[in-house]
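Below is one structure, written out as structure tokens, with a few remarks after it.
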Amino acid sequence: MPLKSLENNVAGATTPAPASEKKEKIYKYLHISLLVLIGVHVFINPFPQLTAIEEISFYGAAFVLAALLRSKQTTFSFQGPLTMPLFLFVGWTVVGLFFALDKANTIHDIYAHLLKYLFFYFLLVNYFNTFRRFELLWLLLIFSTAVFAVYLMVYFYLIIGNPFAVKLGYKMPWEIPPNFIGVLTIFALLLSINIYNFKELKAYKLLLAIPAGILVIATLSTKTRGAIFSLFVAVLVLFARNKRNLLLFFLALVMLVVAMPVKERLSPEELTAKIQADDRLQIWYTFWEMTKDHPITGIGFGMETYHDEDLLNKYNQRVPAAYRQSVPLKSPHNFFVDLTVRTGFVGLAIFLFLLWRCFALAAALIKRGKSNFVRTWATGLTAALIAWMIQGMFESIASGPAAKLFFVILAMLTILWQLREREEPVDAGLV
């Protein structure tokens, strides 16, 4: 080989790739890392103790997104059918800041329990907006919650040694009490069994039967009446057009209830006693007195305001003696009461407007969605939203994993809206 030719070959082997190719690789890895970080944030939502990973994944995604936007390698859209009511609600909480009883905590909670969730919503809407990524999203939600349920039951019943008759999570050093566990497990359960509304995807049906079984057992183990009621209502909505599946799943649920200790809390005697002596009426009475003094803007979005014992005692004393609490509780135990107290009737009205837009959007997708994929998942998410609302009647689910789940439901509905006119790919389905 001539010397010159050899020099050219050696030079070609050692010459670095053009700068543009290096940049392309960097941008490619940044896009992948953004998806991974969002996926990690989704997966760890049921695990409240993993706050370090939660924060790293959230701010890591924000940093990568900022880098891609600065380099003009991605776009980020705020367009969508739910954007206006969401921004209206955020705007109203900011207005309420000027009238808040605890301004410092209100600023903190607007950021930590509203703006961060809203940003998470837009991350999902912008980067999980294809058929494949939507499937990946609900698979992450199902399996992360199933892993959480297995861990929780093993720890609570086997490691700690609680009898199976004790409701899951009761007096456990854990950040999610029994009333909140059902919010997570029922949502993932509904996603699992919604697959049975598809005629195909037999492999999926076999695969998801395992997490579905785990999730329904975990839900019933909480012995939470509101969660169980919401599950029955949601299953009725989910299979409204599939009578065979409706009958099968209803029978399966009834048999499990009869076979498990939860049946004692659902007996006619227990239910009658609960209705006649439910302390929630006393709790709501106290917070109603609070609302009467702050009907328009509320006491402020900050949840720590409820920890002011002097404030609670003041309004508890206004309640008629027959309904007065001996020691006022620091939570309304009702999401809608909680929202009204903190944001006033105007805030409640805006939130109800948001819910109306959600149901109107779901109805339009079910009726006019181009693909069976969109129509079927819109049905599943309608059932999930109803279950979330029913459970919100009995617990203040305005923060933490349960609240973030609400924004996940909104994001999934918005993604389906983006996919409404697209043809479903022939190979849709990861299995």
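Would you kindly identify the helices (runs of 4 or more DSSP H) lying entirely within segment 301-403 that contain at least 3 residues that are exposed (fewer than 15 other Cβ atoms within 10 Å of the Cβ)?
Result: 309-316, 335-368.
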| field | Enumeration of residues in segment 295-325 that are under 23 Å from the mean Cα position of the chain (by Cα) and modelled with pLDDT under 85 | value | none
| query | Before we move on, is Asp308 among the acidic types (Asp, Glu), more than 30 Å from Glu424 (Cβ to Cβ) and assigned by TED's automatic domain parsing to the domain that holds Leu97? | reply | no
| task | Starting from segment 44-71, keep only residues that are surrounded by fewer than 16 Cβ atoms within 10 Å (Cβ to Cβ), then list their pairs with residues that are aliphatic (A, V, I, L, M) whose Cβ atoms are within a distance under 6 Å, requiring at least 6 positions of separation or different chains. | result | Pro48/Ile176; Leu50/Ile44; Ile53/Ile44
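Every residue, every condition in (1) basic (Lys, Arg); (2) surrounded by fewer than 16 Cβ atoms within 10 Å (Cβ to Cβ), yes or no:
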{"site": "Thr75", "(1), (2)": "no, yes"}
{"site": "Val94", "(1), (2)": "no, yes"}
{"site": "Thr106", "(1), (2)": "no, no"}
{"site": "Phe119", "(1), (2)": "no, yes"}
{"site": "Arg133", "(1), (2)": "yes, yes"}
{"site": "Phe143", "(1), (2)": "no, no"}
{"site": "Gly161", "(1), (2)": "no, yes"}
| Only one of these conditions is not met by Ala227: (1) touching a Ser or Thr at 6+ places or on another chain (Cβ under 8 Å); (2) buried (at least 21 other Cβ atoms within 10 Å of the Cβ); (3) not in a helix (DSSP H, G or I). Which number is it? | (3)
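Condition check: modelled with pLDDT under 90, under 23 Å from Lys404 (Cβ atoms), of a type outside the set (S, T, N, Q) and in contact with a Ser or Thr (Cβ under 9 Å, 6 or more places away or on another chain). Does Pro328 satisfy that? It would help to see each step written out before you state the result.
Details: modelled with pLDDT under 90: yes; under 23 Å from Lys404 (Cβ atoms): no; of a type outside the set (S, T, N, Q): yes; in contact with a Ser or Thr (Cβ under 9 Å, 6 or more places away or on another chain): yes.
No: the conditions fail for Pro328.
Only one of Gly169, Gly96, Gly161 is in contact with a Phe, Trp or Tyr (Cβ under 9 Å, 6 or more places away or on another chain) and on the phi > 0 side of the Ramachandran plot; which? Can you show your working first?
On the way: Gly96 fails: on the phi > 0 side of the Ramachandran plot; Gly161 fails: in contact with a Phe, Trp or Tyr (Cβ under 9 Å, 6 or more places away or on another chain).
None of the other options fit; the residue is Gly169.
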| query | Which condition breaks for Gly392 when tested against (1) within 23 Å of Phe229 (Cβ to Cβ); (2) over 16 Å from the mean Cα position of the chain (by Cα)? | reply | (2)
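Could you pull out the residue among Ile409, Ile415, Ile390 that is modelled with pLDDT of 90 or more, of a type outside the set (Lys, Arg) and in contact with a Lys or Arg (Cβ under 9 Å, 6 or more places away or on another chain)?
Ile415
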| task | Kindly indicate whether any position in segment 237-259 is surrounded by 11 or more Cβ atoms within 10 Å (Cβ to Cβ), more than 30 Å from Ile195 (Cβ to Cβ) and touching a helix residue (DSSP H, G or I) at 6+ places or on another chain (Cβ under 7 Å). | result | no
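The values are calculated or read from the model by the stated rules, or taken from the named source; none is laboratory data. On a predicted model such as this, the values are computed, not experimentally measured, just so you know. All Cβ positions, glycine included, derive from the backbone under ideal geometry; neighbour counts span all protein chains shown.
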